[in-house]
């Protein structure tokens, strides 16, 4: 009789627990609906999937995958996920390492011998941790006159990367986010296995996990069913924001929120890899001096880098996350391992706030586990420290033609009124702001913000300039005319 009573109580407890969970999920679902209420049949939008305790508890699409043909976003819509692709590349490397086919301490030139010898070996672990010092591929391509909506292939990237004579810093000594490293990792997989990176990941990751709508996109002309286009709002109207990448490793993964749900579940119950591999995969990356790599500090919380993932304690909860942004595509994937909970949002809206929205969703489901928000620590701007300096622009000295052989490109400088204008045959002209006697800064629609300094010889004649942006430091151009 006691056993029957116990069983009745246990069944009642399960039913009550399921009811409470259902009520919580229903409330959170309505909150998500409210969060994305601005998306409709006239806008791009977002697909969402929430995973809890081994199953999808919420999935839905908002807005349109294609505005020209009135195709709505669903959980089966395929998105380009930009830098979230990198964790799959890192996982492929860890699979090969676990099979004894590579060592993370291997010199990258063992597999890519055309990469210059920079004096200090660049190891595979340096590529994984963004500590290689290699100039970022997008940083150098845009300086070379490429547009981000050009057709860009891995072959083209390798040709430019292997011409670089210097690194940004000594390998292993510092952290600087470099897409180049992950393109090289995918190329290493290709050269070791004899398969394209798309083939290898399909056979060893996607098919075993049942990710039937996922592929690394290495051919910009390939047809992908149910694919979303990307959009940007300009002057209150949406425009296509084209993406023609045919390169993989740092980016290039096409997938759905449903398929990514299968990926996050593999971290709890591995189908590919094993618990040892996953444990090591989720550990922070390190500099050669043994210090953990700090990605950033937000409101006192430190974000550590870990193989294309960011480790953070958010309001008392451990989070493993990463975001992605190419063209108008925005991707967010966050795992909360202690709560067996994950959030995936994929968007084709350039203006979608991936981290803000993702953390708001976390609040809907994990409210009871989250600590009070920390106050933002903002240091007041010291306006009195700023001084306005009027520099005398000697336009005749700066005007002329300059060339760099690493990028195989020319820039021409001219004056317009009292402004120095930087010109390239494939880019829009950039009006420079003077920041010193020989120093300038600028940015443009097709070029990242940069700083530059003209170089002079002993006779005070301009002989060249050096230019730096977020991912390429001190690239030297020589004056040729």
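Derivation of every value follows stated rules applied to the coordinates shown; laboratory data play no part. Since we're looking at a predicted model, the values are computed, not measured. Here Cβ is always computed from backbone atoms with ideal geometry, including for glycine, and neighbour counts include all displayed protein chains.
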Between the Cα axis of helix 2-35 and the main Cα principal axis of the chain, the angle (0 to 90°, nearest 10) is 30
Nearest-0.05 FRET efficiency for residue 426 and residue 223 at R0 = 35 Å, using Cβ-Cβ distance, is 0.75
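Only counting other Cβ atoms within 10 Å, I'd like 64, 422, 148, 233 sorted with the fewest neighbours first.
On the way: 64 26, 422 23, 148 19, 233 15.
If I rank by nearby Cβ atoms, fewest first, I get 233, 148, 422, 64.
If each residue of separation counts as 0.36 nm, what is the full-extension length gain between residue 463 and residue 356 once their alpha-carbon separation is subtracted? The partial results should precede the final answer.
Numbers: separation 107, 0.36 × 107 = 38.52 nm, distance 4.72 nm.
So the extension gain works out to 33.8 nm.
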Given a Förster distance of 35 Å, the FRET efficiency implied by the Cβ-Cβ spacing of residue 31 and residue 294, rounded to the nearest 0.05, works out to 0.60
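Please tell me the relative contact order of the chain in percent, rounded to the nearest whole number, where contacts are Cα pairs under 8 Å and at least six residues apart. Please list the in-between numbers first.
Working: 943 pairs, mean separation 80.9, N = 481.
Relative contact order, the chain: 17 percent.
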For the chain, longest principal axis from Cα atoms; helix 179-193 axis from its Cα atoms; angle between them, nearest 10 degrees, is 70
Note on segment 393-479: contact order normalised by length, alpha-carbon pairs under 8 Å, 6 or more apart, percent, works out to 21
Taking the convex hull of the alpha-carbon atoms of the chain and averaging its shadow over every direction gives an area in square nanometres of 28.4
Here, residue 474 and residue 159, labelled 7 Å along Cα→Cβ, have an inter-label distance in nm of 2.9
Taking alpha-carbon centroids only, segment 147-221 lies from segment 447-481 a number of Å equal to 30
Residue 275 and residue 239 label points (each 7 Å along its Cα→Cβ direction) are spaced in nm at 5.4
Neighbour-count ranking for 117, 149 (other C-beta within 10 angstrom, fewest to most) reads 117, 149
Most exposed first, judged by fewest Cβ atoms within 10 angstrom, 123, 460 run 460, 123
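Can you pull the Rg over Rh of segment 197-354, Cα-only, Kirkwood? Walk me through the numbers before you get to the answer.
On the way: Rg = 17.1 Å, Rh = 17.4 Å.
Rg/Rh for segment 197-354 comes to 0.98.
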If one compares the long axis through the Cα atoms of helix 354-365 with the longest principal axis of the Cα atoms of the chain, the angle in degrees, nearest 10, works out at 20
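Two decimals, Cα atoms only, Kirkwood Rh: what is Rg/Rh over segment 393-479? Please report the intermediate quantities before stating the final value.
Details: Rg = 12.0 Å, Rh = 13.1 Å.
Dividing the radius of gyration by the Kirkwood radius yields 0.92.
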Here, residue 74 and residue 98, labelled 7 Å along Cα→Cβ, have an inter-label distance in nm of 3.4
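Kindly provide the helix-only [θ] at 222 nm of the chain, computed as the sum of -39,500 (n - 2.57) over DSSP H runs of four or more divided by all residues, to the nearest 500 deg cm²/dmol? Display every interim value, and only then the final one.
Values: 11 runs with 120 residues, N = 481.
Calculated at 222 nm, the ellipticity per residue is -7500 deg cm²/dmol.
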With a Förster distance of 45 angstrom and the Cβ-Cβ distance between residue 110 and residue 456, calculated FRET efficiency to the nearest 0.05 equals 0.60
